[in-house]
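Worksheet: one structure, shown below.
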Amino acid sequence: MRAGGAFVDRFHEMVRMVEELGADALSELSTTVEWGAGLEGLTAGADGRTMVSRAGPGIGDGYIYGRDMEWIALADALVAEVSGPSLGVGYEISYALHSRRMPVLCLVHEGAGSLSAMIAGNPSPLLRLERYGDSAGMRNAIGRFLKDCTGP
């Protein structure tokens, strides 16, 4: 989320919740991502869980695009915060649904304004839209989604 927006704190919280629920969050905010220097790409760490991304400060748009597409290629599912408009998040959702055919959870805060019709009106069985009002509601939605994606 380059510009951040009113819901950027929710995004940080969402990443923490995904990790607390036992899944790896492939995000620059993740505690399971180890940052280094260079552009060698994203690889699994020695422990099989930690993702090692070789990116330093001042990385460019091309690197960010490649890194994020690689994260989606490595992922089993996508969790997206869609309370505020983001072209990048919309692109990632579309890529995950249509190119990778993976399940996507779109979280929208009850206090958010109108939601994009491209998300709200999407009939894909792989797309789940959940509204939440507080942290507990967000955590419950993420927990249900991850359970449905991985089983009991």
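No value in this document is a laboratory result; all are computed from the given coordinates. This structure is a prediction, so every number in the text was calculated from the model and none was measured. Please note: Cβ atoms are built from the backbone with ideal geometry, for glycine as well, and neighbour counts cover all protein chains shown.
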### Task
Could you tell me which GluC sites (Glu not before Pro) in segment 79-132 are loop residues by DSSP with no more than 11 other beta carbons within 10 angstrom of their beta carbon?
E110
### Message
Order these by the 10 Å Cβ neighbour count, fewest first: Y63, Y91.
### Response
Y91, Y63
### Task
Would you please give the residues with an amide H less than 5 Å from that of L129, counting only those at least 5 places away or on a separate chain, with H modeled from the backbone geometry?
C106
### Task
Could you pull out which residues in segment 121-148 have an amide N less than 11 Å from a spot 7 Å beyond the Cα of E20, following the Cα-Cβ vector?
135-140
### Prolate/oblate/rounded label for segment 63-152 (Cα gyration tensor, a/c 1.5)
oblate
### Query
In sequence order, what are the phi-derived ³J(HN,Hα) couplings for segment 66-82 according to the Karplus relation 6.51 cos²θ - 1.76 cosθ + 1.60 with θ = phi - 60°, rounded to whole Hz, with x for glycine and proline?
x, 4, 5, 5, 5, 4, 5, 5, 7, 7, 9, 7, 10, 10, 10, 8, 10
### Query
Which far-off residues, 5 or more places away or on another chain, put their amide H under 5 Å from the one on E81, with H placed in the peptide plane?
L107
